[in-house]
Each structure stands twice: as C-alpha cells, then as structure tokens.
Amino acid sequence: MNLFSIKGRRALITGSGRGLGLRFAEGLAEAGAEVVINDVDAARAETAAAVLRAKGCAAHTAIFNVTDPAAVRAGVQQLEQSAGPVDILINNAGIHRYGALLELDVAKWREVLDVNLTGAFLAAQAVAAGMVARRRGKIINICSLMSEGGRPTTGNYMAAKGGLKMLTKSMTVEWARHNIQANGIGPGYILSDMTAHLAAQPDFDAWVKGRTPAGRWGTPDDLVGAAVFLASPASDFVNGQIIYVDGGWLSAL
Ligand SMILES: NC(=O)c1ccc[n+]([C@@H]2O[C@H](COP(=O)([O-])OP(=O)(O)OC[C@H]3O[C@@H](n4cnc5c(N)ncnc54)[C@H](O)[C@@H]3O)[C@@H](O)[C@H]2O)c1
C-alpha cells in the first residue's frame, strides 16, 4: 500500500485559476488525483485547466464565487453529478484588502471575511454532506502566518485567517467521527501574484529574507508535499492540525 497515494481521488481546489491554488491542483494531479479548478474568474480557470490537461493531468472546471451560498451549492451539485463525488476539498480562495483598523471601511472588512472565511465554510458545507454519507473525506484549509499574528493594516485578513484556523478545529469536532479529516496549511511568505508587490519592495524583501530562518521566500512548490500528505491516507488520524510551511518563521523571535 502506498500511504501517500491519492490516485483516482477527485480534488476540488477553490481559487485555483492561478497562484498557490493552481500549484496545489497541479501537485495533486501529479500525485494521481483528478482535479477540479474553481475560480470566480472563468477565463482564468479555463486557461488553468487547459494548461493542466496539456500536461496530461485530468482537470475539470467549476466556476463559482465561494461567497455566494446558492452558487456554491449549485456548483458542487453540478460537479458531483457530472464528474462524481469530491474526495478532497482545498479551501484556497483568498484575498487581501489592506487598511488600518481606525480607517478601515466596513465593506473591505466584510469582503475579506466573506472570501477567506465564509467562502471556506460554504464550500466545506456543500462538499461535506456527501463526505459524511460516504464516510470519507479530506478538507484542507489554507490558513496563513496571519492565523497566528500580523502586521498593522492586515486586521481583516488576520481575523479571517485566525477564524479559518478555528473553523478547521470546529470541522474536526463535528466531522472527524464521519472519517473526514479537516486540517490546515499555513504558508509563510510565498512568492505569488498576491505577494509580488511586496517582493518588489527592497526593504520588504530584505525583511522577509532576514526574518525567515530558511533565509528565503517560499515558492508554491514548497507547499505541495504538505497538501499531498493531508489529502492522502498517510494523514487518516491527523485531525484539526495546521501545518505551517514557513521556513521556520513561527519558531523565531
Ligand atoms: N502568497 C502567499 O504568500 C500566501 C501566504 C499565506 C496564505 N496565502 C493564502 O493562499 C491562498 C492563495 O493565495 P495566492 O497567493 O495564490 O493568491 P492569488 O491572488 O494569486 O490567487 C487567488 C485566486 O483566488 C481567486 N478568487 C478570489 N476570490 C474568489 C472567490 N470569491 N471565489 C472563487 N475564487 C476566488 C482569484 O480569482 C485568484 O485566481 C489565499 O487563501 C491566501 O490568503 C498566500
């Protein structure tokens, strides 16, 4: 038995039209899974799926906005009817909207909470019903260093990612008995479109490299091993954990 095999499993990855999500999709596909690219941006999702298919991966798309309860339910239902049940869900869709708390507009507060936290709840709720019935499932929530701490101007994101850590534990206390393992991955500073503007600032770049014990930014490739582990039978008794893939960031003062 290959403990880490996910061959033949179907994985839905939200917000996977680009960035970390796309790399998660590619990584799971390379490990044998059939993957479903979700994004709110249809063209981005279709392009991503086409790129994966050209590499020989089995890839579908499911276009919906994770903040829209009816769209999430319909999207998951349609997917499960046409392709089959979802065995693995990665809640990856996420956004940043910077602003100091004193000035932060409530619309920006809600937008970030909606995508990063409520979206994960809605997708998990839609997928977990079938997982409970089948008595098998893997849910991986993409948290952040900001599930633990943050910087000024990131209050909405910290609240959302801190909430996502606790939502992971709440999924665990309700769903572990149904043989669903809900866990999280907390990436450190990873080079992606979301962080490109930070990496382009010499002071910020130097701060990240100096503050990270590994001495560098992470790459999307660095996250794939943790995702395959949490998606595979190797993690069948791992419940409610957040694996920080951060080059040692949280170990250093
Ligand atoms: N890049 C990092 O350093 C880093 C670090 C920690 C955590 N994260 C988290 O990893 C995840 C992916 O980040 P990324 O850097 O790849 O971001 P990204 O901006 O490159 O990609 C996010 C994708 O999600 C999609 N999306 C946004 N809102 C959506 C919605 N409502 N419904 C469906 N799709 C939606 C976007 O269209 C985009 O394709 C996010 O949850 C982010 O918070 C990133």
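The values are calculated or read from the model by the stated rules, or taken from the named source; none is laboratory data. Here the structure is a predicted model, which means the values were calculated and not measured. FYI the Cβ positions are ideal-geometry reconstructions off the backbone, even for glycines, and counts take in every protein chain you see. The protein model used for the area step is the full one, side chains on, heavy atoms only, and it has no ligands, DNA or RNA in it. Shrake-Rupley method; radii C 1.70, N 1.55, O 1.52, S 1.80 Å.
Data overview
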item: Test: residue in region 32-43 that is in contact with a Cys (Cβ under 8 Å, 6 or more places away or on another chain) and surrounded by 15 or more Cβ atoms within 10 Å (Cβ to Cβ); result: yes
item: Pro85 vs. criteria touching a strand residue (DSSP E or B) at 6+ places or on another chain (Cβ under 8 Å), surrounded by fewer than 21 Cβ atoms within 10 Å (Cβ to Cβ) and of a type outside the set (D, E, K, R); result: yes
item: Residues that are closer than 20 Å to Glu111 by Cα and β-branched (Val, Ile, Thr), drawn from region 146-176; result: Thr153, Thr154
item: Region 146-173 residues that are away from the ligand (no atom under 11 Å from the Cβ), paired with ones that are aromatic (Phe, Trp, Tyr) and assigned to a helix (DSSP H, G or I) (beta carbon under 7 Å, 6 or more apart); result: Asn156/Trp109; Leu167/Phe121
item: Within region 87-114, tally of residues that are in contact with a Ser or Thr (Cβ under 6 Å, 6 or more places away or on another chain) and not small (Gly, Ala, Ser); result: 4
item: Helices (runs of 4 or more DSSP H) fully within region 141-227 counting 1 or more residues that are under 25 Å from Ala128 (Cβ atoms) and open to solvent by less than 20 Å² (accessible area, probe 1.4 Å); result: 155-175
item: Top-ranked residue of region 100-137 - restricted to ones that are more than 16 Å from the ligand (Cβ to nearest atom) and of a type in the set (Gly, Ala, Ser), ranked as nearest to Asn156 (Cα to Cα); result: Ala100
item: Enumeration of residues in region 102-128 that are in a loop (DSSP other than H, G, I, E, B) and either surrounded by 14 or more Cβ atoms within 10 Å (Cβ to Cβ) or charged (D, E, K, R) (or both); result: Glu103, Leu104, Asp105
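To keep it simple, each residue is scored yes or no on (1) open to solvent by 60 Å² or more (accessible area, probe 1.4 Å); (2) under 25 Å from Gly130 (Cβ atoms).
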position: Gly19; (1), (2): no, no
position: Ala50; (1), (2): no, no
position: Thr61; (1), (2): no, yes
position: Asp68; (1), (2): yes, yes
position: Arg73; (1), (2): yes, yes
position: Asn92; (1), (2): no, yes
position: Ala100; (1), (2): no, no
